[in-house]
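Below you'll find the structure, written out as structure tokens, and then a few comments.
The values are calculated or read from the model by the stated rules, or taken from the named source; none is laboratory data. From a predicted model like this one, the values you see are computed outputs, not experimental measurements. Every residue, glycine among them, receives a Cβ derived from its backbone with ideal geometry; neighbour counts consider all protein chains shown.
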Amino acid sequence: MNIRIPFIATVIALLFGLTACDDDLAGIGSALMPEQDSLSTFYSAYPIVTRTVRTERVAARTSSCYLGSLIDPETRAITTSSFLAQFHLQEDYTLPKQELLLKDEAGKIYADSCVLRVFHDKFYGDSLMTMKLTVRDLGREKFMEEDQQYFTDIDPLQYVNPTPMINHSMTYSVIDCNLPSSSTSLSSGNYRSIPIHLGKDYGTYILQNFYDHPEYFKNSYTFIHNVCPGFFVEHTGGVGAMINSDVSVLDVYFRYQSNDTTVTNAWMRLASTPEVIQNTRYDHEIPAEMLLTDAKHPYTYIKSPAALHTEIDLPIKDMIAGEHKNDTINCVRLSLRRYNAEEQQPANLTPPQHILLLRKGTALEFFDENKLPDSETSYLATFNKKSNAYVFSNIAPLVAYLRKQRDNEAGVTAEDDEATREAKRAAWEAENPDWQTFELLPVRAVYSETTNYYGQTTKTLNGIQNDYNLSSVKLEGSPKGEVKVNVIYSRFAK
């Protein structure tokens, strides 16, 4: 036991020695280096340029649909959304035999009603605001196909039936006051829904096709291409509320006679599940002030879905030039603080939970290939409520990557003199004007959790998706360089 005492005493003495020093830790490493190879550390801060830009279309990879129109109370930006939906048919779907169904006076089967129900458990804005929607069926001249990529700027009218079987408008509110609170409260385990009555004729049309053309009901593909291509649910009136719908269902109600005296009520239900396509169309009315980049507006915006994002010009060239051109970059820290809303209101949109730092022009490829942040050319930051900021703790590998890329693609060699190197670099930079420009995009991070034998939980990042939730954040920064990126260098002094 006594063998450990000198070692422990030495460690304690070292700790006391460090605590007796001042708070400047820059010289700790150098104090342990041989005198002829001392290590010096340096700190520099560089102003960055930021600006708000409109987000181009993003891939619509979500089964959630949005419907309504909402004004962001903080920015006065208006977001309006409508959606298209197809319906999934289970294979080998069956109904009672045709002869059992009730028939009209002409001896033909019929449906009692047909209802499209838009279910939702999340909404934004005023739950009692009167809104208006219009439903039209999709046509057969052009289908939404599974092998195609669809985006948030989709033109729904190119899919709508030019001679619609369904063209129905109605008013609604998020909470239906005609129903008891026990039916509209989510705490009771109910899903709220907007029932859209399409009429018994459309239900009869589906039933008749089932019995006349059973081959149309083989699977979802045959059903969509021969019977019901889907519906366009369009927002057509009202501002102040928006719902988030995870599923819509198409219910066809009918009756059949199971024996001589018993009539049974039944229905056929089809749902807009992930097996088929749902696509939300977003339209944004952005106040001009949100896109201004002058000194009077020292902030930028990130707004989803597919509305606005922030562009950043990082001074990579300045970081690796001058007195630091041969230094090692140990840490590059970027912190972007959030401006709080001047008036806190319950209806204010929340900031995106995560933002992604990407090189400009690489977003489509990143999401198309389902990439994850590699901590070299892409980085993920989480909104920190305590600091009220997004922090990228160390993007030094990004600077190293760009420095190497520039020299390799510019053809810089060890044999070049300094003037030749700078000339090659300048020519490459002129051909690649956006090499220092990056995008901050709102994203949704998908994690999985595993728990080990000791009860310790580990989170693993499995995916990054575009953020389709309504969110908005106002960030410090402008072309005037109010925000700075902090860099720590090290250098050996011979």
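A few points about this structure:
- Region 351-367, residues that are at negative phi and out of contact with any strand residue (DSSP E or B) (no Cβ under 7 Å at 6 or more places or on another chain): 362, 364, 365
- Matching entry among 63, 40 (being hydroxyl-bearing (Ser, Thr, Tyr) and either assigned to a loop (DSSP other than H, G, I, E, B) or at positive phi (or both)): 63
- Scanning region 138-150 for residues that are more than 17 Å from residue 233 (Cβ to Cβ) and modelled with pLDDT of 90 or more gives 140, 141, 142, 143, 145.
- Of the residues examined, residue 282 is one that is buried (at least 19 other Cβ atoms within 10 Å of the Cβ), closer than 29 Å to residue 149 by Cβ and aromatic (Phe, Trp, Tyr).
- Boolean, residue 385 is farther than 30 Å from residue 493 by Cα, in contact (Cβ under 8 Å) with a residue 40 or more places away in the chain and either buried (at least 17 other Cβ atoms within 10 Å of the Cβ) or of a type outside the set (S, T, N, Q) (or both): no
- Residue 290 fulfils the conditions (1) closer than 30 Å to residue 157 by Cβ; (2) in contact with a Gly (Cβ under 7 Å, 6 or more places away or on another chain) except for a single criterion, (2).
Residue-wise test of (1) assigned by TED's automatic domain parsing to the domain that holds residue 223; (2) over 27 Å from residue 432 (Cα atoms).
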| site | (1), (2) |
| --- | --- |
| 264 | yes, yes |
| 316 | no, no |
| 330 | no, no |
| 337 | no, yes |
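- Residue ranges of strands (runs of 3 or more DSSP E) in region 221-269 with at least 2 members at pLDDT below 95: 241-245, 247-257
- Lone qualifier among 484, 424 - being modelled with pLDDT of 95 or more and either surrounded by fewer than 20 Cβ atoms within 10 Å (Cβ to Cβ) or within 30 Å of residue 124 (Cβ to Cβ) (or both): 424
- Residue satisfying condition, being touching a Lys or Arg at 6+ places or on another chain (Cβ under 9 Å) and within 30 Å of residue 296 (Cα to Cα), within set 111, 60, 77: 77
- Candidate set from region 161-192 (those that are within 33 Å of the chain's Cα centre (by Cα), β-branched (Val, Ile, Thr) and at pLDDT 90 or above); member that is surrounded by the fewest Cβ atoms within 10 Å (Cβ to Cβ): 171
Residue by residue, here is whether (1) among the small types (Gly, Ala, Ser); (2) at pLDDT 90 or above; (3) closer than 30 Å to residue 363 by Cβ holds:
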{"residue": "117", "(1), (2), (3)": "no, yes, no"}
{"residue": "125", "(1), (2), (3)": "yes, yes, yes"}
{"residue": "156", "(1), (2), (3)": "no, yes, yes"}
{"residue": "159", "(1), (2), (3)": "no, yes, yes"}
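- For region 78-95, the criterion of being closer than 30 Å to residue 261 by Cα, of a type in the set (A, V, I, L, M, F, W, C) and either at pLDDT below 95 or part of a strand (DSSP E or B) (or both) is met by at least one residue.
- Filter result for residue 429 (more than 15 Å from residue 316 (Cβ to Cβ) and among the acidic types (Asp, Glu)): no
- The single residue among 372, 380 that is closer than 15 Å to residue 438 by Cα, of a type in the set (A, V, I, L, M, F, W, C) and surrounded by fewer than 20 Cβ atoms within 10 Å (Cβ to Cβ) turns out to be 380.
- Sole residue being more than 30 Å from residue 209 (Cβ to Cβ) and surrounded by 15 or more Cβ atoms within 10 Å (Cβ to Cβ), chosen from 124, 110: 124
- Within region 443-461, restricting attention to residues that are in contact (Cβ under 8 Å) with a residue 60 or more places away in the chain and touching a Leu at 6+ places or on another chain (Cβ under 8 Å), the residue that is surrounded by the fewest Cβ atoms within 10 Å (Cβ to Cβ) is 461.
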